[in-house]
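The structure appears right after this line, and notes come after that.
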Amino acid sequence: MRTTLAVERPQNVPVALALAPGLSMLALITDALGGRSRGAPESWRRLVRSVATSKDAMVVRSLATPGYSVVPDLVFPGDPATDVAVETQIEMLRDLPGHALTDELHVILNGPVPPHWRAAADKPEQWLHGYADLLERTWSAMGDIWKRARPLLDREMERVALAAARGSTDAVLNDLHADCMFRDGAFSFPDTQPGRFYIGSRRLVLMPMLAGPTALVSHLDGPDLVWIGYPLPGVGALTSSPKPRGKDDPLVLLIGDVRAAILANLERPLTMGRLAELTHHAPNAITYHCDRLETAGLIVRQRFGREIHVHRTDRGTALVRLLSI
């Protein structure tokens, strides 16, 4: 099941990038505490768990029960068209009256309140304050890492702005996430509660998150804009340095050091040029090895304008995970 957003002329869609650290905190909370593993670094998951308490159970259950993806708008960080500080979002949550939550639940659920939201519906102010408290504690644990991510965020802003200026929004949409795709004028992604939307004349706001490679958050039915939260490229650089793949690494022994490095770096789609930079090999060498990896069904390549984007296939991902040490 997939949610679809029709974007017939992506080159004409106004695109912006907003920084919303509160959205990252939400993604990490559901990953670390809610059983919705999205591949966040284990060191980050431990930080979030270290500040959690037993009182957070009601909030986490509402946000992360498997099989549900629709949540009230008020859990998101304010106006998505602008950068919103976590401190501002926390104040907003604490100032909201309880009926703000119950009113939103009534609108989005359009029927009986499901079990995972009943406690919140019965005690809405307690839920709002509980979410604000959990958000504040999570931010206290992760705030320094967000600050360290600023160069990566700046680079991502430049990448998105350049793509928009070149009319290559379709390439950006196709590269946001391993499970997302842009085909035949439609952006789609897996969803347990799928829907179909049309962007029309609305703006598109992209929100890079400190999150695992399979995290994705979206809001596609706003009156003036739609927004999509996706994993910030390169977040691995913010964790401890990965263990080098030496000659005894199982993946290296099986497919060779260059091809192992290519597969290991494809946690998200990358251009051929970026792969050459990351693996410290010449572009013609990367082309040669990608030819072999594609023949083996471990990667696929797609051309967008002048750039070729490389995607790791499910088979390639399974191989990397099987042989990781």
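Nothing in this text is a laboratory measurement; each read-out follows from the coordinates by a stated rule. Everything numeric in this text was worked out from a predicted model, so none of it was measured. Backbone-built Cβ (ideal geometry, glycine too); neighbour counts: all protein chains shown.
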Mind checking the angle between helix 86-95 and the chain's longest principal axis? C-alpha axes, 0 to 90 degrees, to the nearest 10.
20
Virtual spin-label span in nm between Asp103 and Arg196, 7 Å along Cα→Cβ
3.2
Long-range amide H partners of Leu270 with built H, under 5 Å:
Val310
Can you tally the net charge around Cys290? Count Lys and Arg as +1, Asp and Glu as -1, for every other residue whose Cβ sits under 14 Å from the Cβ of Cys290.
+3
What ³J(HN,Hα) values, in whole Hz, does the Karplus curve 6.51 cos²θ - 1.76 cosθ + 1.60 give for the stretch 7-13 when θ = phi - 60°, with x put for Gly and Pro?
9, 5, 10, x, 5, 9, 7
Taking H placed 1.01 Å from N in the peptide plane, check which residues at least 5 places from Gly212 or on another chain put their amide H under 5 Å from its amide H.
Ala40
Would you mind checking which residues have amide H under 5 Å from Met181's amide H? H placed 1.01 Å from N; only 5 or more apart, or other chain.
Ser188
Estimated distance in nm for a label pair at Met157 and Glu294, the labels positioned 7 Å out from Cα along Cα-to-Cβ
3.5
Given points 7 Å out from each Cα along the Cα-Cβ axis, report the Gln126 to Arg303 separation in nanometres with one decimal.
6.2
Provide the gained length on full extension for the span Arg203 to Arg150, in nm with one decimal, where the gain is 0.36 nm per separating residue minus the Cα-Cα distance.
16.6 nm
Computed curve, the stretch 1-240, Cα-only Debye sum without solvent term, log₁₀ I(q)/I(0) at 0.12 Å⁻¹, is -0.66
Which percentage, to the nearest 5, of the DSSP beta bridges contained in the chain is antiparallel?
60
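How long is the gain from Tyr68 to Asp83 if the chain were fully straight, where each residue apart is worth 0.36 nm and the alpha carbon distance is subtracted?
2.7 nm
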Debye intensity ratio I(q)/I(0), log10, the stretch 170-325, q values 0.18 Å⁻¹ (C-alpha model):
-1.15
May I ask you to derive the FRET efficiency for Val113 and Asp179 from their Cβ-Cβ distance with R0 = 30 Å, giving the value to the nearest 0.05?
0.55
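Can you give the convex hull volume of the alpha carbon atoms of the stretch 162-221 per residue, in Å³?
On the way: hull volume 6.5 nm³, N = 60.
Hull volume over Cα atoms, normalised by residue count, gives 108 Å³.
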Can you compute 3J(HN,Hα) from phi for each residue in the stretch 114-130, using the Karplus curve 6.51 cos²θ - 1.76 cosθ + 1.60 with θ = phi - 60°, rounded to whole Hz and x for Gly and Pro?
x, x, 6, 10, 5, 4, 5, 5, 6, 10, x, 5, 4, 5, 4, 5, x
